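Read-outs: derived from the displayed coordinates by stated rules, not from any lab. From a predicted model like this one, the values you see are computed outputs, not experimental measurements. Using ideal geometry, Cβ is built from the backbone for each residue, glycine included, and neighbour counts are taken over all protein chains shown.
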Amino acid sequence: MGSIIFLYTLFSLLISFISFFLLRTTTAHFRRRHRRLPPGNFGLPFVGETLQLISAYKTENPEPFIDDRVSKFGTLFTTHVFGEPTVFSADPELNRFILQNEGKLFVSSYPGSISNLLGRHSLLLMRGSLHKRMHSLTMSFANSSIIKDHLLVDIDRLVRLIMESWTGRVLLLDEAKKITFHLTVKQLMSFDPCEWTQKLMKEYMLVIEGFFSVPLRIFSPTYRRAIQARTKVAEALSLVVRERRSESERGERKNDMLGALLDEDGNGGGFSDEEIVDFLLALLVAGYDTTSTIMTLAVKFLTETPLALSHLKEEHDAIRARRGETEALMWEDYKSMPFTQCVVNETLRMANIISGVFRRTIADVNMKGYTIPKGWKVFASLRAVHLNQDYFKDARSFNPWRWQMNNTPGATSSVNVFTPFGGGPRRCPGYELARVELSVFLHHIVTRFSWVAAEQDKLVYFPTTRTQKRYPIIVQRRALSRPCKRLEAK
Ligand code: HEM
């Protein structure tokens, strides 16, 4: 085994060496033949500036890597990270250009570990007309009228169900993950929390862990475990798909995402089991980690900003006063939470769960007088814009009041500078759902509990934005909310 690894390492080094020098030569050739590349630095042989990027994002400073280069080279710069030359944009207009030209000049591009684990039929990796069709099918299952008609009830019930068990010390991120996982499973396949969903969640979490590992089984036990877990999750989902297909053939139809995918008469239909499984798995991935992290970080920011927390409590206590202690939230309640929406925006702006999006050019692309060669990676940084003082005054402080009416940041700019859900054809189809989930979560946490942070927990930004200790808090039930009748899953 040792000698195989040695040979493998030697081989990889050789390939990296050749690639690096090929890159240098082709880049020099490109510079001679064409117009300029954006300014920047390729860093060290083989690794480029990858190590600087990783160590920068492991600190509490959200944007050291980009800040440093923007001040040297401007908002469009070239670097070399994760084995490839990459152009970074920290400019809202260029970001918009990149997002809007999806499929024309750029295509989405994910790291190998993520695309292998997602499966080739996932929405995130689809292109062209199939992508368009599936994107709008996904939207039709997460838009406001679906949320209003039936998802809101599920969200409200699940949030209360999970919070029912909270006493003493609670690891907030883990609890938020339970909520978003079970909610997504319900939305996709109509399952309420049960032993089967618990087991699925355990395997599924191993898949997620593999996303940021080296996508080589031989080197990374995390990746190996993730691949095995993916097989188990796919088998479990295949079984459900097969059963539901037979039900559908007998004329039975459930009003969920899987129902739509199996529906021969509607927009869905005609998909193989494998395609449906990949599609479901990608939706689980897209909605679960992002929304649970944003829930956790909203609570962290509020804990550290007591005035905002008390303002939020007032808003939600008023709703409870109208609804009584146990009645479920209604759509009109959600629509009467103006300060909550400011907190949601500000959390999305400060936390930037998806810090930016990777694309690959499919032609030579001209931007701001520079030319980016065909086949290059481009990273549109959403976070760099959200944390830029030019667009958001005192950009690195949590200030939900900045979003109050007549005070909207970026409103005077010709380009929308606030894009936490991306834009263009790949704009997040779950943007409304995520906002509602976060608002309902905040409603129940502030009306049912008071809490303090159990210990210091640092925010870090690599490989994803999260707190290091999953944000432990000590909770205490508020007098207003004596534990209500136990909520049973329907
Ligand atoms: C706070 C929570 C969320 C944030 C910040 C977020 C952010 C984003 C962003 C920035 C993209 C664009 C990626 C790109 O352009 O390459 C995206 C795509 C996507 N999101 Fe979300 N998202 C969130 C929650 C959700 C939820 C709840 C769902 C569930 C339906 C969801 C489903 C998706 C899907 C399926 C895509 C891929 C779209 C495509 O490639 O066409 N997201 N999300």
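Please work out if Phe97 is more than 30 Å from Gln228 (Cβ to Cβ), of a type in the set (Phe, Trp, Tyr) and crowded, with 20+ Cβ neighbours inside 10 Å. So that I can check it myself, show each step before the final result.
Details: more than 30 Å from Gln228 (Cβ to Cβ): yes; of a type in the set (Phe, Trp, Tyr): yes; crowded, with 20+ Cβ neighbours inside 10 Å: no.
No; evaluated as a whole, the condition is false for this residue.
Restricting attention to the stretch 109-124, and to residues there that are of a type in the set (S, T, N, Q) and either in contact with an Asp or Glu (Cβ under 7 Å, 6 or more places away or on another chain) or free of Cβ contacts under 8 Å to residues at least 24 places away in the same chain (or both), which single residue is surrounded by the fewest Cβ atoms within 10 Å (Cβ to Cβ)? Spell out how you get there, then give the answer.
Filtering the stretch 109-124 down to residues of a type in the set (S, T, N, Q) leaves 109, 113, 115-116, 122.
Next, only the ones that are either in contact with an Asp or Glu (Cβ under 7 Å, 6 or more places away or on another chain) or free of Cβ contacts under 8 Å to residues at least 24 places away in the same chain (or both) stay: 115, 122.
Values: Ser115: 16, Ser122: 23.
Among those residues, the one meeting the criterion is Ser115.
Within the stretch 160-183, how many residues turn out to be in a helix (DSSP H, G or I), touching a residue at least 40 places away in the same chain (Cβ under 8 Å) and under 12 Å from Ser292 (Cβ atoms)? Explain how you work it out, then say what you get.
In the first step, residues of the stretch 160-183 are kept if they are in a helix (DSSP H, G or I); the result is 160-164, 172-183.
Of the ones still in play, those that are also touching a residue at least 40 places away in the same chain (Cβ under 8 Å) are 160-161, 163-164, 172-174, 176-177, 179-181, 183.
Filter once more, keeping what is under 12 Å from Ser292 (Cβ atoms): 172-174, 176-177, 179-181, 183.
Within the stretch 160-183, residues that are in a helix (DSSP H, G or I), touching a residue at least 40 places away in the same chain (Cβ under 8 Å) and under 12 Å from Ser292 (Cβ atoms) number 9.
Given the criteria more than 13 Å from the ligand (Cβ to nearest atom) and in contact with a helix residue (DSSP H, G or I) (Cβ under 6 Å, 6 or more places away or on another chain), does Leu158 qualify?
Numbers: more than 13 Å from the ligand (Cβ to nearest atom): yes; in contact with a helix residue (DSSP H, G or I) (Cβ under 6 Å, 6 or more places away or on another chain): yes.
Yes: the conditions hold for Leu158.
Could you tell me which residue of the stretch 45-86 is farthest from Ala384 (Cα to Cα), considering only residues that are within 22 Å of the chain's Cα centre (by Cα) and among the hydrophobic types (A, V, I, L, M, F, W, C)?
Phe82
Against the condition crowded, with 17+ Cβ neighbours inside 10 Å and within 20 Å of Tyr461 (Cβ to Cβ), how does Leu329 come out, does it pass?
Values: crowded, with 17+ Cβ neighbours inside 10 Å: yes; within 20 Å of Tyr461 (Cβ to Cβ): no.
No, not satisfied.
Counting residues that are in contact with a Lys or Arg (Cβ under 8 Å, 6 or more places away or on another chain), which helices (runs of 4 or more DSSP H) fully inside the stretch 291-353 reach at least 1? First the steps, then the outcome.
Details: elements: 306-323, 331-334, 338-351.
Where helices (runs of 4 or more DSSP H) fall fully within the stretch 291-353 and carry at least 1 residues being in contact with a Lys or Arg (Cβ under 8 Å, 6 or more places away or on another chain), they are 331-334, 338-351.
Could we say that Leu258 is more than 25 Å from the chain's Cα centre (by Cα), crowded, with 20+ Cβ neighbours inside 10 Å and either within 16 Å of the ligand (Cβ to nearest atom) or free of Cβ contacts under 8 Å to residues at least 24 places away in the same chain (or both) here? Talk me through it step by step, then tell me what you get.
Details: more than 25 Å from the chain's Cα centre (by Cα): no; crowded, with 20+ Cβ neighbours inside 10 Å: yes; either within 16 Å of the ligand (Cβ to nearest atom) or free of Cβ contacts under 8 Å to residues at least 24 places away in the same chain (or both): yes.
Criteria not met by Leu258.
Can you tell me which residue within the stretch 125-142, out of those that are surrounded by 18 or more Cβ atoms within 10 Å (Cβ to Cβ) and not hydroxyl-bearing (Ser, Thr, Tyr), is nearest to the ligand (Cβ to nearest atom)?
The initial filter retains those residues of the stretch 125-142 that are surrounded by 18 or more Cβ atoms within 10 Å (Cβ to Cβ), namely 125-126, 131, 134, 137-138, 141-142.
Now narrow it down to the ones that are not hydroxyl-bearing (Ser, Thr, Tyr): 125-126, 131, 134, 137, 141-142.
Details: Leu125: 8, Met126: 7, His131: 6, Met134: 8, Leu137: 10, Phe141: 7, Ala142: 5 Å.
Once the filter is applied, the top-ranked residue is Ala142.
Within the stretch 359-402, take every residue that is under 16 Å from Thr86 (Cβ atoms) and among the β-branched types (Val, Ile, Thr) and give me the one that is nearest to the ligand (Cβ to nearest atom).
In this case the residue turns out to be Val378.
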